[in-house]
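Read through the structure below, which is laid out as structure tokens, and then see the notes.
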There are 2 protein chains.
Amino acid sequence: MTLLDALRSAVGDAHVLTDADLRASYETDWTGRFSGTALAVVRPASTAEVAAVVRACAAAGQALVVQGGNTGLVGGSVPAGGEVVLSLTRLTSLGAVDVPAAQVTVDAGATLASVQEHARAAGLDFGVDLAARESATVGGLTATNAGGIRVLRYGSMRAQVMGAEAVLADGSVVSRLGGLAKDNTGYDLVSLLCGSEGTLGVITRLRLRLVPRLRSRAVALLALPDTAAAVQILPELRERLPDLSAAELFLAPGLALVRSYAGLPAPFPVAHPAYLVLECAGRADPTDALVEAVAEVDGLLDATVATDAAGQRALWAYREQHTEAISAAGVPVKLDVSVPVGRLPELVERLPAVIEDACAGARPVLFGHVNEGNLHVNVLDAGERAEDVSDAVLRLVADLGGSISSEHGVGRAKVPWLGLSRSGNEIAAMRAIKTALDPAGLLNPGVLLP
Amino acid sequence: MTLLDALRSAVGDAHVLTDADLRASYETDWTGRFSGTALAVVRPASTAEVAAVVRACAAAGQALVVQGGNTGLVGGSVPAGGEVVLSLTRLTSLGAVDVPAAQVTVDAGATLASVQEHARAAGLDFGVDLAARESATVGGLTATNAGGIRVLRYGSMRAQVMGAEAVLADGSVVSRLGGLAKDNTGYDLVSLLCGSEGTLGVITRLRLRLVPRLRSRAVALLALPDTAAAVQILPELRERLPDLSAAELFLAPGLALVRSYAGLPAPFPVAHPAYLVLECAGRADPTDALVEAVAEVDGLLDATVATDAAGQRALWAYREQHTEAISAAGVPVKLDVSVPVGRLPELVERLPAVIEDACAGARPVLFGHVNEGNLHVNVLDAGERAEDVSDAVLRLVADLGGSISSEHGVGRAKVPWLGLSRSGNEIAAMRAIKTALDPAGLLNPGVLLP
């Protein structure tokens, strides 16, 4: 039996795609930057089918690339050339919400939006949210330990994952879906799979924790003299506002770009160097607490609090329109980095000169999640110097003790720079674990590890 | 150079203990159940010295047992016979509290109490608390992923650990102490070390997250018809009380034992089957919210809320005196298990008959942390049937989808039952990781893995 026959036998003829037209959407990531030809795209519908696919590939020595919603930004889920793409988008079952435990078991291919809707129908919510929610799958979010705008309150994806079922490289299945809040019986394999970018196993099901559904929101926009002021006031705001859910930074150049792109009015009578969007979400209306906290915090140049949904959307728009406004202005170099929060001001201050050195005339647009020291670095007009700009930015981040990938992962895109964030001893330890669990290197070769 | 010479050269003559009298306190755990002779006890004072010790042992093929405060309950940190005990109690430095980040870097041998005091002096607090705080080290708490009474609010030890420095089995050092809130650059080695019970590396330093210091407390004692009622009302209480920090269950037989041991008055005019201690801790006084929530929850048989510190201590005493009262009544079989929270009532209901079957006349005393489905199963008068009682209880727990070790770890004590909580595939994966990182099996042999 050939490999293709074995794959057809595992998932049914209709779900082994070999025609170039049918394969195409699985072979290129949505940034368009990464693509490669797949031997076939295989679409199993259950853990057992995934295991059968992996066993067939293992027997044939055939490399696999695991793909969820294909919304990644670092080329981690598209083939480099010749791999089988294992697409999990047919694994979409949602188990009944376990309200007393505030947990749910879902298939890895379920989209974030479908899990959110499912949780909300039971009076709960899911702790992670991000813009790709309609396409991104919870399996992919777990494999990349995705973040988003609510990390301040609920943590990243790893903090939501109470258990997982996965197929290892030899086709064996490990399953921990009991949702035990405490279980100290050996190595935390589930946590190891989170952020492993498909290189250690194929996540097929997840046990997720849910959070209370908070219907009352309040949003403020603060004007500040600089990033240092944002970092300085955040501990006091966190202390005063237990309902604080987001603290998002953007700067004057980004605001100007957004206003020009989207035709938005100025938020304040005069321009200011830095801005912070705050959102509180609670069981009770958090508006009064937010107004009071904003009134009492020192060092603001100006501030406004939105009291209705339309006003809240208008304030969020200044931050949320950044991505579109940047894309409309050109093809940006997009980097996602973090530093210890105390060094965020230095990063923001030094970046323009470092970028100018790497590419004269390039335009940085910066925004990010202050609480985690996470900055999204977008650079316009870098042209052919994109690689130089990336290198210069990532080296500065490493000098400041930071991470070259805060949310997006390493994928294929950042493999050359992994040594800036992880020591040789750490990479050796990671390599040892990879070799132990996938000795033939069949899962996502070329992703994450050099 | 002999191994002992190499060890003396690494840490200084005074810190290689070979005299039996000096070794003794390191060779037996505090339960008295586990002991063994050590070749020597070595007391390094820095990561570099730990690395030198591990390298010397690796060169000599000498097995090591890693020991913190020696407060473990499963024999995981005392020698079986012939190992070098690597004691970390001289690694006690506490770095300056990073208030904006709410983090601190400390040595692994620092006691929990010293870290708590250090955090409180800076206006913050540490998220884990438990009775052994004066002796237990934060390194040991991390290696065993310790829990305690605040897990409901802040999670177990793993949730506090933002970074670690560790010496691997070959003497190489991995160090991630930057305290980045988000860092997606590969496998989470720090999380893998949490709960690995010293079998994958020697944790020498930790970057810990800190939490707000909450000075206002309120405590309630609820009387309930059964454990099912406790499980049923908890989601509503959690929803109504964002400040909820503890929800501790005990039962009529335990209360009777405690009252008789400690001479305490009855909490209510008549006895009830089950009791729940609730504690709220907040920036503002949570008493009114607790009183209101207790008044509105359905199904209580009786309830009382303590409004001053003395009254709060009096209510907590009913729960906290369980351990001493049980020990005073005999030598108990002590098991620490958890099940999915929805199955906790069934576990509590079925345990007495299962224990009676295993050992007629044995007396179970049960208490636990409701939110995590975590039950501390103490069995008095089991005599020579202790092993049978353990076996019967752990098998019931496994039948209910539970964990044979909720907080304490596997150590040497529970190795024979590991297969009840972890599948063959999982144990094979754990074994592969162990072999990858410690091919000669030098770190804590006999602990955790069969």
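Can you list, shortest first in nanometers, how far B:Asp285 lies from the same residue in the other copies, with each label 7 Å from Cα toward Cβ?
In nanometres, ordered from closest: 2.7.
Just the number please: accessible area per residue for chain A, 1.4 Å probe, all protein chains included, in Å².
Ligands and nucleic acids excluded, the result is 36 Å² per residue.
Helix-only estimate, please: 222 nm mean residue ellipticity of chain B, summing -39500 (n - 2.57) across DSSP H runs of length 4 or more and dividing by its residues, to the nearest 500.
-10500 deg cm²/dmol
May I ask you to give the average projected area over all directions of the convex hull of the Cα atoms of segment B:333-450, in nm² rounded to one decimal?
7.7 nm²
Tell me which of A:Ala362, A:Val97, A:Asn444 sits at the most positive position along the dipole axis of chain A, charges placed on C-beta atoms (Lys, Arg +1; Asp, Glu -1).
Looking along the dipole axis, the top candidate is A:Val97.
Check every DSSP H run in chain B and write down those whose alpha carbon atoms cover 18 angstrom or more along the long axis and whose mean Kyte-Doolittle hydropathy is -0.5 or greater.
Qualifying helices: B:47-60, B:227-240, B:344-358, B:386-399, B:424-437.
Based only on Cα atoms, what mean projected area does the convex hull of segment B:318-401 have, in nm²?
5.1 nm²
Compute and list, largest first, the equivalent-ellipsoid semi-axes of segment A:1-137 from the alpha carbon gyration tensor, each √(5λ) rounded to a whole angstrom.
29, 19, 11
Any chance you could list the semi-axes, whole Å, largest first, of the equivalent ellipsoid that the Cα gyration tensor gives for segment B:251-394, using √(5λ)?
30, 18, 13
Distances in nm, one decimal, shortest first, from A:Ala113 to the same residue in every other copy, taking the label point 7 angstrom along Cα→Cβ.
5.6
In chain A, what percentage of the DSSP-assigned beta bridges are antiparallel, given to the nearest 5?
90 percent
Just how many % of Cα pairs in the protein assembly as shown lie over 57 Å apart, if you round to the nearest whole percent?
The share of Cα pairs beyond 57 Å in the protein assembly as shown comes to 9 percent.
Compute the label-point distances linking B:Ala309 to its equivalents in the other copies; points lie 7 Å from Cα along Cα→Cβ; give nm, one decimal, shortest first.
Nearest first, the other copies' label points are 4.9 nm away.
If packing is taken as the average number of other Cβ atoms within 10 Å across a peptide's residues, how do B:289-295, B:175-181 rank, most packed first?
So the peptides B:289-295, B:175-181, ranked by packing, come out B:175-181, B:289-295.
Once neighbouring chains are kept in place and the probe is 1.4 Å, which whole percent of the accessible area of chain A is contributed by carbon and sulfur?
Roughly 51 percent of what the probe reaches on chain A is carbon or sulfur.
Rg and Dmax in Å for chain B, alpha carbons only: what are they?
Expressed in Å, the Cα Rg and Dmax of chain B come to 22.6, 73.
For chain B, what's the relative contact order in percent, using C-alpha pairs closer than 8 Å and at least 6 residues apart?
After rounding, I find 15 percent.
Hey, if we sort B:Thr18, A:Thr204 by accessible area with the 1.4 Å probe, largest down, what's the order?
Sorted descending by solvent-accessible area, the residues read B:Thr18, A:Thr204.
May I ask you to compute the full-extension gain from B:Leu301 to B:Arg350, defined as 0.36 nm times their residue separation minus their alpha-carbon distance, rounded to one decimal in nm?
That works out to 15.3 nm of additional length.
In peptide A:429-437, what is the residue-averaged number of other protein chain Cβ atoms found within 10 Å of each Cβ?
Partner Cβ neighbours, averaged per residue: 6.
With all pairs of different alpha carbon atoms counted, what Kirkwood hydrodynamic radius in Å does segment A:97-155 show?
Value: 11.7 Å, from the Cα pair sum.
The values are calculated or read from the model by the stated rules, or taken from the named source; none is laboratory data. Predicted model, so just to flag it, every value in this text is computed and none were measured. Note: ideal-geometry Cβ built from the backbone for every residue, glycine included; neighbour counts use all protein chains shown. Side chains are part of the model used for accessible areas, which takes the heavy atoms of the whole protein and leaves out ligands, DNA and RNA. Shrake-Rupley method; radii C 1.70, N 1.55, O 1.52, S 1.80 Å.
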